[in-house]
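Heads up: the structure comes next, in structure tokens.
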Amino acid sequence: MQRSSFCYVAGTPVLETQGLTKHYTLGQETVRALDRVDFTAVQGDFAVVNGPSGSGKTTLLNMLALIDRPSEGEVLFEGRPTRRLSEGELALLRREKIGLVFQTFNLIPVLSVAENVEYPLLLTKTPRGERRGRVAARLEEVGLSGFEKRRPDELSGGQRQRVAVARALVTAPRIVLADEPTANLDSATGRQIMELLQGLNRDHCVTFLVVTHDPSVLDYAQRVLTIRDGRIQGEEKRGAPRPA
Ligand SMILES: Nc1ncnc2c1ncn2[C@@H]1O[C@H](COP(=O)(O)OP(=O)(O)O)[C@@H](O)[C@H]1O
Ligand SMILES: [Mg+2]
């Protein structure tokens, strides 16, 4: 992977929230899933948002991924407010600039490994030759060259998550958002996945934001933000900053 495709200018804001708030109404009751969250992810970041179940992590991730809209506040993508964008404009940003990784891998079972990784490039209408090259490169990076023709059900959990990581990277997004990426893996496999993400961050400047309740994930973070009851309670910087 060419470093330059991910690392235009390390340190520039990619995703920012301002007073981000989300309410859910259930009958008479209102749940404040997110409460005035202010947060900035910059290019080259490896940020982890850590909190218990129900603290608002998935809600935050869905807002950052422009899947769900805030009740109040704003999400800025590359400095641009998103509130007034149409569904079509949001979909375009999502498709081209955001990679997603989920707890349950979310691969398409009837497609091969290579077809799963290729899928986002069909949505962006990338020419066939370029698709081939990109899929091969991403599969090599995640250690799955030779597995192109397998189906997801012929892979281990760790291998499935590697496919999901390759798929998240294939469009060269500005940021990869991951929701509990280790939760369905045993701890050794979970660590291998985190090492893979860390290597992609360090060597190729891929920007990551991971939300998790798994404490072992924190070992891989440059920044750890703690969330509780929908509020960011604090931030801790970890490890040496990535060399420029
Ligand atoms: N679609 C929804 N409708 C109603 N309440 C929701 C919905 N999604 C999340 N919640 C509530 O918002 C809070 C935060 O949920 P969530 O973001 O899923 O937390 P986490 O991912 O940290 O476990 C919880 O109280 C949850 O029950
Ligand atoms: Mg969740």
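FYI, it's all coordinate maths here, none of it is from the lab. For clarity, every value in this text was computed on a predicted model and none was experimentally measured. Don't worry about glycine lacking a Cβ; one is built from the backbone with ideal geometry, like all the others, and counts go over all protein chains shown.
Given the range 182-244 reduced to its alpha-carbon atoms as identical point scatterers, what log10 I(q)/I(0) does the Debye formula return at q = 0.21 Å⁻¹?
These q points yield log10 I(q)/I(0) values of -0.93.
Using each residue's phi in the range 205-211, evaluate 6.51 cos²θ - 1.76 cosθ + 1.60 at θ = phi - 60° and report the 3J(HN,Hα) Karplus result to the nearest Hz, with x for Gly and Pro.
6, 6, 8, 10, 10, 10, 10
Sequence gap at least 6, Cα distance under 8 Å: using those rules, report the relative contact order of the chain to the nearest whole percent.
It comes to 30 percent, rounded to a whole number.
Per-residue HN-Hα couplings for the range 98-111, Karplus 6.51 cos²θ - 1.76 cosθ + 1.60 at θ = phi - 60°, whole Hz, x for Gly and Pro?
Per-residue couplings from phi come out as 10, x, 10, 10, 10, 4, 9, 6, 6, 7, 8, x, 7, 9 Hz.
Can you compute the FRET efficiency between Asp203 and Ile67 using 1/(1 + (r/R0)^6), with r the Cβ-Cβ distance and R0 = 35 Å? Round to the nearest 0.05.
The computed FRET efficiency comes out at 0.75.
Report the far tail of the P(r) of the range 70-136, meaning the percent of Cα-Cα pairs longer than 17 Å.
Of all Cα-Cα pairs in the range 70-136, 56 percent lie more than 17 Å apart.
Ranking Ser53, Ser156 by Cβ neighbours within 10 Å, fewest first, what do you get?
Ser53, Ser156
Using 1/(1 + (r/R0)^6) with R0 = 45 angstrom and r between the beta carbons of Arg32 and Glu140, what's the FRET efficiency to the nearest 0.05?
In this case the efficiency is close to 0.50.
Dipole of the range 10-111 (Lys/Arg Cβ +1, Asp/Glu Cβ -1, origin at the Cα centre): which of Ala91, Ala10, Leu66 lies farthest to the positive side?
Ala91
What spacing in nm lies between the two simple spin-label points modelled at Leu123 and Arg95, each 7 Å away from Cα in the Cβ direction?
0.8 nm
Give the value in nm², to one decimal: projected area of the alpha carbon convex hull of the range 1-96, averaged over all directions.
Quarter of the Cα hull surface area: 7.4 nm².
How large is Rg/Rh for the range 40-188, to two decimals, with Cα atoms and a Kirkwood Rh?
0.97
If you line up the long axis of helix 87-97 against the longest principal axis of the chain, both from Cα atoms, how many degrees apart are they, to the nearest 10?
Helix 87-97 and the main axis of the chain meet at about 50 degrees.
As a footprinting exposure proxy, order Lys237, Lys125, Lys97, Lys57 by other Cβ within 10 Å, with the fewest listed first.
Listing Lys237, Lys125, Lys97, Lys57 from fewest to most nearby Cβ atoms yields Lys125, Lys237, Lys97, Lys57.
Expressed in nm to one decimal, what extension gain is obtained for the pair Glu235 and Arg84 from 0.36 nm per residue of sequence separation less their Cα-Cα distance?
Separation in residues times 0.36 nm, less the Cα-Cα distance, equals 51.4 nm.
List nothing, just return the count: lysine pairs in the chain, 8 or more apart or interchain, with Cα separation under 23 Å.
5
For the Cα atoms of the chain, what angle does the longest principal axis make with the long axis of helix 187-204, in degrees from 0 to 90, nearest 10?
Value to nearest ten degrees: 90.
Calculate one ³J(HN,Hα) per residue across the range 114-125 by plugging θ = phi - 60° into the Karplus curve 6.51 cos²θ - 1.76 cosθ + 1.60, and present them in order as whole Hz with x for glycine and proline.
Per residue, the Karplus-derived 3J(HN,Hα) values read 4, 5, 4, 5, 6, 3, x, 6, 5, 5, 8, 6 Hz.
Quick one: length gained pulling Thr12 to Leu111 fully straight, 0.36 nm per residue minus the C-alpha distance?
32.0 nm
If you fit an axis through the alpha-carbon atoms of helix 157-169 and take the longest principal axis of the Cα set of the chain, what angle between them do you get, 0 to 90°, nearest 10?
On a 0 to 90 degree scale, this one is about 80.
How big is the convex hull of the Cα atoms of the range 123-213, per residue, in Å³?
In the range 123-213, the Cα convex hull volume per residue is 109 Å³.
Give me Leu20, Leu85 ranked fewest to most by other Cβ atoms within 10 Å of their Cβ, as a rough exposure proxy.
In order of increasing Cβ crowding within 10 Å: Leu85, Leu20.
Simple spin-label model, 7 Å along Cα-to-Cβ: Glu130 to Ser216 in nm?
Each label point lies 7 Å from its Cα, and together they span 3.9 nm.
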